[in-house]
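Colleague: The following block contains the structure, expressed as structure tokens.
The values are calculated or read from the model by the stated rules, or taken from the named source; none is laboratory data. Since this is a predicted model, take the numbers as computed values, not measurements. Note that we place each Cβ from the backbone using ideal geometry, even for glycine, and neighbour counts take in every protein chain shown.
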Amino acid sequence: MIDVLRRITHEPLGLIGLILVILIVISAILAGVVAPYDPVALNIVDRLQGPSINHLLGTDQLGRDLFSRVLYGGQVALKVALISIGAALSIGVLLGMVAGFGPRWLDNIIMLFFDTIRSFPTVMFALATVALVGPSLETVILVIIVTSIPNYGRVVRTQTLSIKSNEFIRAEHGMGASLFRILGIHVLPNVMGPLVILASMDIPTVIALEAGLSFLGMGVKPPTPSWGSILNDGYTLIRNTPWPIIAGSIPLVLITLGFTFLGESLRDLIDPKLRKSV
Amino acid sequence: MLAVTLLYCMIHMVPGDPARILLGPRATPELIASMSARMGLDLPLPVQILRFFGNLFRGDLGMDVITNRPVADIVFGQLPYTLWLIFTAIVFAALIGIPLGCYSALHRNSLADRISGVLSVACITAPAFVVALYSLLVFAVTLHWFPAVGAGEKGAFWDQVSHLVLPAFAIGLSWIGYLARLVRASMLEVMGENHIRTARAYGLAERTVVYRYALKLAILPTVTVIGVGMGFLLSAALFTEIVFARPGIGKLIFDSITTRNYPVVMGSVLVSTALFVISTTLSDLINAWLDPRIRASL
């Protein structure tokens, strides 16, 4: 682990990625301490201001400090990314291993489920769900979990299938090892590498999706700050002030860049085989 | 097909009767009952699904409950706008991305290659709606170079073109990076293959080798990627259409969701999903047609 970290910091892009990610994660965690203002406090007198010493990124149409809103928005983005990718990863690993190791008919059912989900364009699926269930952060998380499960599940299934036929697994099986032991001790560690890379490459997509849905007013409810809803404010105010758009997009672009750089150098380190395929 | 059934069940599993939502809180029970009957909601769910599929095969997507027009008319009226937008974006991305990737592969590890590599990643990660917002802010609102809203007057060609520039740019930008990386990678692979060495050994000019032999093969994966990427393209188109208030299937979905016009939501999501599936299949076919090696194995 420390070795991986050291090698990442030796690569310029990996280092930049790591710094960006750490910076934004820390600023989001410490939002309550760092933020100069309450992110939902109204201050109509100071509305629509440009950046100044008092308001680093200016204020929005209700006089809320954009810098504070951006910091708190980071909490929403990271929360969504962590919960949804964590859940999707666990369910995906489980289903993938069951599909790879279980009976044929179960495999077919699970693959059918994966293919069905993948046949929708993600955003369309998200919008349809939000339209039915109503906009909320939980809906967004649920949609992301459901649509990401196949990504992980498929990788795990393929890996499980290829490991299953190895001789050491057969030997283990012959010696009477339980299914849980085989899956937990032999299969799981072998699929973890590709999964970590996949997850770190998925984080920017998930964050962008959350921001996108919040931008459409289908994510977090106002007045909770999210990068997407700040951008939405910016869109409605586009003829008055550029600052909400700039404030909302900076962290979004930085964090997607950070995670992508980090994911790419992780991939190069852990799995040189994958380097060619993307 | 399964996807459609799932979607249909999902719509009907949620609490809240569409007829009730449509008519508002003050509707009388009789009115709701007659509305439900008109929408076919009083039938049991399996019957509804069968009826829906029956109509589907006749090209009937149902009626829009608000304007009383056939949903198919509405959806297919909006579809060309989206298709043009996606097509322009892809052509734009290909025109820049493919030469860029080609150049990077031929000048591997040069400074230009490294810069274009980092820029490509940056382009890929930029979400389409953020790019759309910025291009709207910079080129339409501040500089007034291009119009901000709509798709232009019908029949006025240049007007429509100028309305297409910014949205296509917003969608195409991430694809420039994507295609550049892809072409670079596959170009490097192809250049190492035997037939390229043979072509060189025959004494063909480097230009001929690169453009007639190598590039022709290196472009193949882009076809697949564009086909599979249709889902991303449609999603990006949805955001861009909303930002630029352009007519199109994405805006249709969004608008019908905000007005809770379920038949239109169904119809438009259905058509875009179909588009996604068709384009994936089509890209496989085109690939087989382009690549003699796959053609032979069919």
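Colleague: Just give me the residues in the stretch A:90-110 being within 14 Å of chain B (Cβ to nearest Cβ) and in contact (Cβ under 8 Å) with a residue 40 or more places away in the chain, in sequence order.
Modeller: The one that is within 14 Å of chain B (Cβ to nearest Cβ) and in contact (Cβ under 8 Å) with a residue 40 or more places away in the chain: A:ILE110.
Colleague: Let me ask you something else. Which condition number in (1) within 30 Å of B:ALA245 (Cβ to Cβ); (2) modelled with pLDDT under 85; (3) more than 8 Å from every other protein chain (Cβ to nearest Cβ) is the one that A:LEU269 fails?
Modeller: For A:LEU269, the exception is condition (1).
Colleague: Filter the stretch A:239-258 for residues that are more than 9 Å from chain B (Cβ to nearest Cβ) and of a type in the set (Ser, Thr, Tyr) and give the result.
Modeller: A:THR241 - this is the single residue of the stretch A:239-258 that is more than 9 Å from chain B (Cβ to nearest Cβ) and of a type in the set (Ser, Thr, Tyr).
Colleague: A further question follows. Given (1) at positive phi; (2) more than 10 Å from every other protein chain (Cβ to nearest Cβ), identify the lone condition not met by B:ARG260.
Modeller: Of everything listed in (1) at positive phi; (2) more than 10 Å from every other protein chain (Cβ to nearest Cβ), B:ARG260 misses just condition (2).
Colleague: Run down B:ALA105, B:ALA132 and say which single residue is under 18 Å from A:PRO251 (Cα atoms), more than 9 Å from every other protein chain (Cβ to nearest Cβ) and not basic (Lys, Arg).
Modeller: Result of the check over B:ALA105, B:ALA132: B:ALA132.
Colleague: When residues of the stretch A:121-143 are filtered for being without any contact (Cβ under 8 Å) to a residue 12 or more places away in the chain, among the hydrophobic types (A, V, I, L, M, F, W, C) and over 15 Å from B:ILE257 (Cα atoms), how many remain?
Modeller: Count: 0.
Colleague: Let me confirm something: among B:ALA236, B:ALA245, which residue is surrounded by fewer than 21 Cβ atoms within 10 Å (Cβ to Cβ), within 11 Å of chain A (Cβ to nearest Cβ) and aliphatic (A, V, I, L, M)?
Modeller: Going through B:ALA236, B:ALA245 in turn, the sole match is B:ALA245.
Let's see how each residue does on (1) over 18 Å from the mean Cα position of the chain (by Cα); (2) farther than 30 Å from A:GLY102 by Cβ:
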{"residue": "A:LEU183", "(1), (2)": "yes, no"}
{"residue": "A:MET192", "(1), (2)": "no, no"}
{"residue": "A:THR205", "(1), (2)": "no, no"}
{"residue": "A:PRO242", "(1), (2)": "yes, yes"}
{"residue": "A:LEU254", "(1), (2)": "no, yes"}
{"residue": "A:PHE259", "(1), (2)": "no, yes"}
{"residue": "A:LEU266", "(1), (2)": "no, yes"}
{"residue": "A:LEU269", "(1), (2)": "yes, yes"}
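Colleague: Next question, about the same structure. For B:TYR178, state whether it is among the aromatic types (Phe, Trp, Tyr), in contact (Cβ under 8 Å) with a residue 24 or more places away in the chain and either surrounded by 20 or more Cβ atoms within 10 Å (Cβ to Cβ) or part of a helix (DSSP H, G or I) (or both).
Modeller: The answer is yes for B:TYR178.
Colleague: Criterion first (modelled with pLDDT of 80 or more, out of contact with any Ser or Thr (no Cβ under 6 Å at 6 or more places or on another chain) and farther than 18 Å from A:GLY212 by Cα) does A:SER249 satisfy it?
Modeller: no
Colleague: In the set B:ARG181, B:ARG197, which member is within 12 Å of chain A (Cβ to nearest Cβ) and of a type in the set (Lys, Arg)?
Modeller: Just one listed residue meets the conditions, B:ARG181.
Colleague: Sticking with this one: Do we have any residue at all in the stretch B:188-206 that's closer than 22 Å to B:LEU282 by Cα and surrounded by 15 or more Cβ atoms within 10 Å (Cβ to Cβ)?
Modeller: Looking through the stretch B:188-206, none of the residues is closer than 22 Å to B:LEU282 by Cα and surrounded by 15 or more Cβ atoms within 10 Å (Cβ to Cβ).
Colleague: Now for a separate question. Between B:ALA199, B:ALA112, B:ALA132, B:ALA122, which is closer than 28 Å to B:PRO247 by Cβ and outside any loop (DSSP other than H, G, I, E, B)?
Modeller: B:ALA132
Colleague: Now, a different point. Quick check on the stretch A:15-46: of everything there that is at pLDDT below 80 and assigned to a helix (DSSP H, G or I), which residue is nearest to A:TRP227 (Cα to Cα)?
Modeller: A:ALA31
Colleague: If a residue must be more than 11 Å from chain A (Cβ to nearest Cβ) and either among the β-branched types (Val, Ile, Thr) or crowded, with 17+ Cβ neighbours inside 10 Å (or both), how many such residues does the stretch B:114-127 contain?
Modeller: Residues meeting the conditions: 2.
Colleague: Just the residues that are without any contact (Cβ under 8 Å) to a residue 60 or more places away in the chain and part of a helix (DSSP H, G or I), please, taken from the stretch B:202-214.
Modeller: Selection gives B:GLU206, B:ARG207, B:THR208, B:VAL209, B:TYR211, B:ARG212, B:TYR213, B:ALA214.
Colleague: While we're looking at this one, here's another question. Within the group B:VAL161, B:VAL130, B:VAL165, B:VAL149, which residue is at pLDDT 75 or above and surrounded by fewer than 14 Cβ atoms within 10 Å (Cβ to Cβ)?
Modeller: Of B:VAL161, B:VAL130, B:VAL165, B:VAL149, the one residue that is at pLDDT 75 or above and surrounded by fewer than 14 Cβ atoms within 10 Å (Cβ to Cβ) is B:VAL161.
Colleague: Still on this structure, I have one more. Residues of the stretch A:201-221 being assigned to a helix (DSSP H, G or I) and in contact with an Asp or Glu (Cβ under 9 Å, 6 or more places away or on another chain), which ones?
Modeller: Scanning the stretch A:201-221 gives a single hit, A:MET201.
Colleague: Now, a different point. Checking B:THR273 against (1) farther than 15 Å from B:LEU83 by Cα; (2) β-branched (Val, Ile, Thr); (3) surrounded by 21 or more Cβ atoms within 10 Å (Cβ to Cβ), which test does it fail?
Modeller: (1)
Colleague: Related question: Of all helices (runs of 4 or more DSSP H) completely enclosed by the stretch B:215-298, which ones contain at least 1 residues that are touching a residue at least 24 places away in the same chain (Cβ under 8 Å)?
Modeller: B:215-218, B:220-228, B:230-243, B:249-258, B:262-290
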